[in-house]
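Coordinate-derived values only; no laboratory data. Predicted model, so just to flag it, every value in this text is computed and none were measured. Don't worry about glycine lacking a Cβ; one is built from the backbone with ideal geometry, like all the others, and counts go over all protein chains shown.
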Amino acid sequence: MDDDASAHAVLDSYAIEGGEEGKRRLDLLAQIMRPTTRRLLDEVSVGHGQACLDVGCGGGHVTLDLAGLVGPTGWVIGVDIDSSILELARRDAMAAGIDNVLFKAIDARTVEGGPFDLIYARFLLSHVERPEEVLEHLAGLLADGGAMVLEDIDFSGCFCHPRHQAYDRFVELYVAAVEAGGGDANLGKRLPSLVRGTALHEVRWNVFQPVHAEGPNKQIQAVTMEKIGPALLRHGLATTDEIEEILTSMRAFAADPETLVATPRMVQVWAKAQAIPRP
């Protein structure tokens, strides 16, 4: 299979719609995640002059944040399989005047280069087959003493208040769509164990969950339901009518000021490559 065919196969297996429409969802998700991701990057001490790799970078939101942290003497490569969304990320970088970033359309399983002082991946491993192999491959690209920083989801932790039938069905459908593409939407709960099974050391982790009572962020689950629609139809998991009914109900629920909507449970794991003493 040639590279283009392989890329199309990976995109077809991905549960969430990409491109410009998908970028709008990623913009909203990045807004929700940015405070906790920035605290995580501060925790691992991303510094000036470092070389970083953002794997599965999507719209490049964290890529650009990393570029600011490493400064003009450092550089960041953002890789993703979706070339259309990478073009939008390039536009954002140009608009912000950020020139120490490079975006490449590459599969996480075949990315090369480095060594990197930091490798970051958010919501990547839950969407790939054999995440252990992907993690091992990425760990091999780290510099001595470099940091691996991961964020992923445990979708079983999703909730809303009060409990709502459309949201329950959404959770079932999301998990099924990701599974149909070879992923595991509940991978977050085993992410610490995956990292501890590698040669990385000083493994640390954190678990958190954003909950929204108002504002546009409260619509994130309804937006996600909309973006998994094509995958649900492709895999025969739901009909167009059911998808529309769920969307209408979820949007109305999120618009109610008396309700709460949570994201999935989020798991952060960070660890280091062995530092090899130099003579």
Within region 219-236, the residues that are among the β-branched types (Val, Ile, Thr) and in a helix (DSSP H, G or I) are 220, 223, 224
Give the residues of region 20-41 that are closer than 15 Å to residue 209 by Cβ, in contact (Cβ under 8 Å) with a residue 40 or more places away in the chain and not aliphatic (A, V, I, L, M), sorted by residue number. 36, 37
Could you count how many residues in region 227-241 are among the aliphatic types (A, V, I, L, M) and without any contact (Cβ under 8 Å) to a residue 24 or more places away in the chain? 1
Verdict on residue 99 being in contact with a strand residue (DSSP E or B) (Cβ under 7 Å, 6 or more places away or on another chain) and acidic (Asp, Glu): no
Under 7 Å between Cβ atoms, at least 6 apart or on separate chains: pull out the pairs that start in region 141-155 with a residue that is surrounded by fewer than 21 Cβ atoms within 10 Å (Cβ to Cβ) and end on any residue that is of a type in the set (Lys, Arg). 145/272
Residue 121: in contact with a Gly (Cβ under 9 Å, 6 or more places away or on another chain), surrounded by 18 or more Cβ atoms within 10 Å (Cβ to Cβ) and outside any strand (DSSP E or B), yes or no? no
Exactly one condition in (1) within 24 Å of residue 54 (Cα to Cα); (2) part of a helix (DSSP H, G or I); (3) in contact (Cβ under 8 Å) with a residue 60 or more places away in the chain is false for residue 190; which is it? (3)
Looking across region 39-50 at residues that are under 24 Å from residue 134 (Cα atoms) and touching a helix residue (DSSP H, G or I) at 6+ places or on another chain (Cβ under 8 Å), the single one that is surrounded by the most Cβ atoms within 10 Å (Cβ to Cβ) is 46
Restricting to region 249-269, give me the number of residues that are of a type outside the set (A, V, I, L, M, F, W, C), in a strand (DSSP E or B) and crowded, with 22+ Cβ neighbours inside 10 Å. 1
Hits in region 90-123 - residues which are in contact with a Leu (Cβ under 8 Å, 6 or more places away or on another chain) and closer than 30 Å to residue 180 by Cβ: 103, 104, 105, 108, 111, 112, 119, 120, 121, 122
Go through region 145-187 and give me each residue that's under 19 Å from residue 16 (Cα atoms), out of contact with any Gly (no Cβ under 8 Å at 6 or more places or on another chain) and not in a helix (DSSP H, G or I). 151, 158, 181, 182, 183, 184, 185, 186
